[in-house]
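Let me begin by presenting the structure, written as structure tokens, before commenting on it.
The values are calculated or read from the model by the stated rules, or taken from the named source; none is laboratory data. Fair warning: this is a prediction, and the values are worked out from it, not measured in the lab. Cβ placement follows ideal geometry from the backbone for every residue including glycine, while neighbour counts extend to all protein chains displayed.
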Amino acid sequence: MTPQVHVSPHPLVNHKMALLRDQRTDPKKFRELVREISVLLTYEATADLATERLSITTPLGQSDERKLAERVGLVPILRAGLGMVEGVWSIMPNAEVWHIGLRRDEQTLEPIEYYARLPVSPTVDVCLVLDPMLATGGSAAAAVGILREWGAKRIKFVGIIASSEGIHHFSEAHPDVPLFLAAVDQHLNDAGLIVPGLGDAGDRLFGTG
Ligand code: PRP
């Protein structure tokens, strides 16, 4: 199966990505850009959500409208995924948020789970896994694995930058999960960082770099 990779061609995304990548961008601006890019990517990632009809009374009469018929869960991968939640919530305020904590082992680059508390069975119809960076793809693949085990049926990944090899690795594990991204970079360095990328998203969001 060919990986389902959607890289936003939108000019606003392109413009904001240049600012986000810039090493001179301070944490306050960086957080703002992550929020804004998350909104734009989520707009694209949710284009196929089911809706149902309803009738609304306007000041002048009745109008046939539509409302969302699916419950959406946001699953930020700690830490950096947290920076995307506020933006997505601003357009989907009723979305549930379920956190998954994964950190990469610095030597092996393998993800280590340190937090996942999910209810006994899925409470949502669609999960959006949020993480700005998909480097080796290990963290994203592990998070989707946790959600699958939980029983989640429809899962989408919303990231910001992915590496080509990370996409390959992720899609081998989860070929049916589409990826919504702002950019794909070609190269991973020895420390597993995306090059040119934007550095460590968690550190830049939380001012810990
Ligand atoms: C970074 C990033 C992703 C992961 C990507 O998190 O935010 O979660 O690495 O790498 P992978 O695709 O190779 O798994 P990190 O583990 O540094 O933790 P942090 O968000 O707490 O800084």
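Below is a table of values for the structure above.
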| item | result |
| --- | --- |
| Pairs, first under 26 Å from R204 (Cβ atoms) in segment 121-133, second of a type in the set (G, A, S) and away from the ligand (no atom under 16 Å from the Cβ), C-beta under 6 Å, six or more apart | C127/G73; C127/A152 |
| Scan of segment 147-166 for residues that are within 13 Å of the ligand (Cβ to nearest atom) and either surrounded by fewer than 21 Cβ atoms within 10 Å (Cβ to Cβ) or at pLDDT below 95 (or both), ordered by number | S164, E165 |
| Elements of type strands (runs of 3 or more DSSP E) contained in segment 1-82, each with 3 or more residues being touching a helix residue (DSSP H, G or I) at 6+ places or on another chain (Cβ under 7 Å) | 72-78 |
| Only listed residue being out of contact with any Gly (no Cβ under 6 Å at 6 or more places or on another chain), within 12 Å of the ligand (Cβ to nearest atom), under 18 Å from A80 (Cβ atoms) and of a type in the set (G, A, S), chosen from A135, A173, A191, A182 | A191 |
| Filter result for L68 (farther than 30 Å from E149 by Cα, surrounded by fewer than 17 Cβ atoms within 10 Å (Cβ to Cβ) and over 17 Å from the mean Cα position of the chain (by Cα)) | no |
| Top-ranked residue of segment 95-109 - restricted to ones that are at pLDDT 95 or above and not in a strand (DSSP E or B), ranked as surrounded by the fewest Cβ atoms within 10 Å (Cβ to Cβ) | H99 |
| Identity of the residue in segment 8-60, polar (S, T, N, Q) and touching a strand residue (DSSP E or B) at 6+ places or on another chain (Cβ under 9 Å), that ends up nearest to R204 (Cα to Cα) | S38 |
| Qualifying positions in segment 87-105 - closer than 28 Å to I194 by Cα, over 12 Å from the mean Cα position of the chain (by Cα) and touching a residue at least 40 places away in the same chain (Cβ under 8 Å) | I100, L102, R104 |
